[in-house]
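Let me begin by presenting the structure, written as structure tokens, before commenting on it.
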């Protein structure tokens, strides 16, 4: 069989494109978003910038920066097919330091959100009258 007849030959011989792996591991919704993130330098392999067509191998470290949070994962499997979330989670293993940093960032965002006053919008006429009465007390 020729290479054109084997649609998934890359995953069988232990190599797969970087953008395909990111897509299959469900880090990005589309391959074009994967390519944009790679070109922008938001995704790195072993600390270095890479091209979307770079051949990925098991054991390499990938760092992904999304929404200001850096997630470092080690590749444990290769696939060029996008499956469900449990299948995608088997393609990588997050490092302990990355998980701790991500959790710390989540708690920091939660604390900042709780510190902000939450208003439902403009006060009603009744609430304005109560506020005016409160402010005009001697």
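Each value in this text was obtained by applying a stated rule to the coordinates, not by laboratory testing. Since we're looking at a predicted model, the values are computed, not measured. Reconstructed Cβ throughout: ideal geometry from the backbone, glycine too, with neighbour counts over all protein chains shown.
Computed quantities for the displayed model
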quantity: Wholly within the range 31-138, helices (runs of 4 or more DSSP H) carrying at least 3 residues that are in contact with a helix residue (DSSP H, G or I) (Cβ under 9 Å, 6 or more places away or on another chain); calculated: 31-40
quantity: Yes/no for residue 61 being free of Cβ contacts under 8 Å to residues at least 40 places away in the same chain, over 13 Å from the mean Cα position of the chain (by Cα) and closer than 27 Å to residue 109 by Cβ; calculated: yes
quantity: Output for the range 59-100, where each listed residue is under 15 Å from residue 19 (Cα atoms) and loosely packed, with under 13 Cβ neighbours inside 10 Å; calculated: 81
quantity: Residue among 103, 127, 108 that alone is surrounded by 10 or more Cβ atoms within 10 Å (Cβ to Cβ), free of Cβ contacts under 8 Å to residues at least 24 places away in the same chain and more than 30 Å from residue 73 (Cα to Cα); calculated: 127
